[in-house]
Ligand SMILES: Cc1cc2nc3c(=O)[nH]c(=O)nc-3n(C[C@H](O)[C@H](O)[C@H](O)COP(=O)(O)OP(=O)(O)OC[C@H]3O[C@@H](n4cnc5c(N)ncnc54)[C@H](O)[C@@H]3O)c2cc1C
Ligand code: SF4
Ligand code: FES
Ligand code: FES
């Protein structure tokens, strides 16, 4: 019961689940509130602060991670829904101490300023290049039943779920093109 | 956000049973697809279910060919997989185009076909629990009518609600007469589009004909050979990652410069994906010319009753219909 005079809403007790979460190749047993998003679990419980919270509404892409290799928005993903999936965050892109080619290209092409959007851009770009290789069409693909190419227009359209307040777009496009072609 | 129980259904019958059971204290159970709309609305306090029944592990995540040359699309198919499917791209290009015109790559990877059909309106008052809204709280009023309605409906709206249905995917599905397969507490049934979504009337809280606990299991797209010549065109306030202001899905069957048959549906103009029946019948048997297209579009839009700030949608919709049809005539 609420204390006297407290007219705030009465919330039932949290409901939790004990799950195994596989992140960047490590299986971690954790207890999560069913309401918790993957973004909050990564940042608040697993100390993986690469994925960023920009909008928390699916609009900015700063929270992008890979689930079974596909890019998703971790701010709209409930953690309990991905206990049987493989999650990759920006921290998991580099292998054996070497930057992922996409990370190296971002450095080489100066594809960021403040860096806040960068982890999301990187995860998104890595998965996006694979989507093109798999022949997925986009909104600027002239013939949706034809092959997909990775030109500037295609990159811009396919990366439109990742916003950059610093406006580093020109160099982001160049970095992705360098890796994708 | 209200605490909720999470259940993962593995077969259709147990999913429906879990949803029907709800919670002891009466807070309803709802299905969870990709969560891209539901999780957001829960966070905003617009909906507060007591149980989420996750249906993304149900075996309805495939696309099969039907006997006559149509497709049976499982409700759990992700939007990305729908748009990438070779038969969707070849037989119904406007469907693939509409899906990739919506949201972003990340959201399309999460969003399911069922969830896309059932996404709620983007009317800003609906999403703001500090404001009245007949759709969210029946009887509380509709501030949009006198307030911000620039992107709301111009056809078929009611005194109670002027919201639009935001889905791009649903527009070609309405043009194709897709059939929604439903499994409910009372058994299975099928509802053809349009007819699955409802006009607001005096019950805007109901977006569709679904009853509580009904699960969408599949969407069946009938065979329509001439849909290989089809196109989706979307007008939005920025070039990508924005909801439609107006959109058009159209398919043309041409013979010797005449329209033998056609399909046309409009998005962004109504509480439902709007099938342009009048324009279609005006066009059947008429020459495939700009003048005929403009006449047909005008006949459809004659029934528009725009509000002060969205009257621009009427000429915009007319022009987009004409342009889309001309594109189809000029297509190789
Ligand atoms: C930033 C942003 C931009 C977007 N832009 C666009 C856009 O431009 N165009 C566009 O069309 N869409 C757009 N969307 C909306 C997006 O397409 C929808 O959120 C998505 O399709 C919903 O699918 P889902 O599987 O995630 O549904 P969920 O969020 O899981 O569910 C949505 C609703 O459907 C119900 N439901 C889910 N599956 C079933 C089922 N099988 N049977 C019965 N009920 C079910 C749920 O209970 C809920 O009420 C955007 C979304 C975001 C966040
Ligand atoms: S238009 Fe519909 S959704 Fe928007 S405020 Fe009015 S009743 Fe609510
Ligand atoms: S924080 Fe997830 S999209 Fe902005
Ligand atoms: S580098 Fe600053 S937001 Fe993109």
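The values are calculated or read from the model by the stated rules, or taken from the named source; none is laboratory data. The structure displayed is predicted, hence computed values, not measured ones. Note that each Cβ is placed from the backbone with ideal geometry, even for glycine, and that neighbours are counted across all protein chains shown.
Values computed for the structure shown
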item: Failed condition for residue A:51, given (1) touching a strand residue (DSSP E or B) at 6+ places or on another chain (Cβ under 7 Å); (2) within 15 Å of ligand 4 (Cβ to nearest atom); (3) on the phi > 0 side of the Ramachandran plot; result: (3)
item: Filter pass, residue B:35 being assigned to a loop (DSSP other than H, G, I, E, B), in contact with a helix residue (DSSP H, G or I) (Cβ under 8 Å, 6 or more places away or on another chain) and modelled with pLDDT of 95 or more; result: yes
item: Residue in segment A:155-176 that is within 15 Å of the chain's Cα centre (by Cα), within 26 Å of residue B:85 (Cα to Cα), free of Cβ contacts under 8 Å to residues at least 12 places away in the same chain and not assigned by TED's automatic domain parsing to the domain that holds residue A:20 present; result: yes
item: Restricting segment B:256-295 to residues that are surrounded by 24 or more Cβ atoms within 10 Å (Cβ to Cβ) and in a helix (DSSP H, G or I), the residue that is nearest to the chain's Cα centre (by Cα); result: B:279
item: Residues of segment B:203-239 that turn out to be part of a loop (DSSP other than H, G, I, E, B), within 13 Å of chain A (Cβ to nearest Cβ) and in contact (Cβ under 8 Å) with a residue 12 or more places away in the chain, as a count; result: 1
item: Residue B:202 vs. criteria within 12 Å of the chain's Cα centre (by Cα), within 16 Å of ligand 2 (Cβ to nearest atom) and at negative phi; result: no
item: Test: residue in segment A:119-128 that is out of contact with any strand residue (DSSP E or B) (no Cβ under 8 Å at 6 or more places or on another chain) and free of Cβ contacts under 8 Å to residues at least 12 places away in the same chain; result: no
item: Filtered residues of segment B:296-332 (kept if closer than 15 Å to residue B:152 by Cα and in a loop (DSSP other than H, G, I, E, B)); result: B:304, B:305, B:306, B:307, B:308, B:309, B:310, B:311, B:312
item: From the options B:3, B:49, B:59, residue that is over 21 Å from the mean Cα position of the chain (by Cα), assigned to a loop (DSSP other than H, G, I, E, B) and buried (at least 20 other Cβ atoms within 10 Å of the Cβ); result: B:49
item: Filter pass, residue B:145 being under 20 Å from the mean Cα position of the chain (by Cα), outside any helix (DSSP H, G or I) and either modelled with pLDDT of 95 or more or within 16 Å of ligand 1 (Cβ to nearest atom) (or both); result: no
item: Enumeration of residues in segment B:1-34 that are in contact with a strand residue (DSSP E or B) (Cβ under 6 Å, 6 or more places away or on another chain) and within 14 Å of another protein chain (Cβ to nearest Cβ); result: B:4, B:5, B:6, B:7, B:8, B:9, B:23, B:29, B:31, B:32, B:33, B:34
item: Residue under evaluation residue A:65, criteria (1) at pLDDT 95 or above; (2) surrounded by fewer than 23 Cβ atoms within 10 Å (Cβ to Cβ), criterion not met; result: (2)
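The rows are residues; the columns are (1) within 18 Å of the chain's Cα centre (by Cα); (2) crowded, with 24+ Cβ neighbours inside 10 Å; (3) over 29 Å from residue A:20 (Cβ atoms).
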| residue | (1), (2), (3) |
| --- | --- |
| A:61 | yes, yes, no |
| A:76 | yes, yes, no |
| A:83 | yes, no, no |
| A:91 | yes, no, no |
| A:97 | no, no, no |
| A:110 | no, no, yes |
| A:113 | no, no, yes |
| A:126 | yes, no, no |
| A:132 | yes, no, yes |
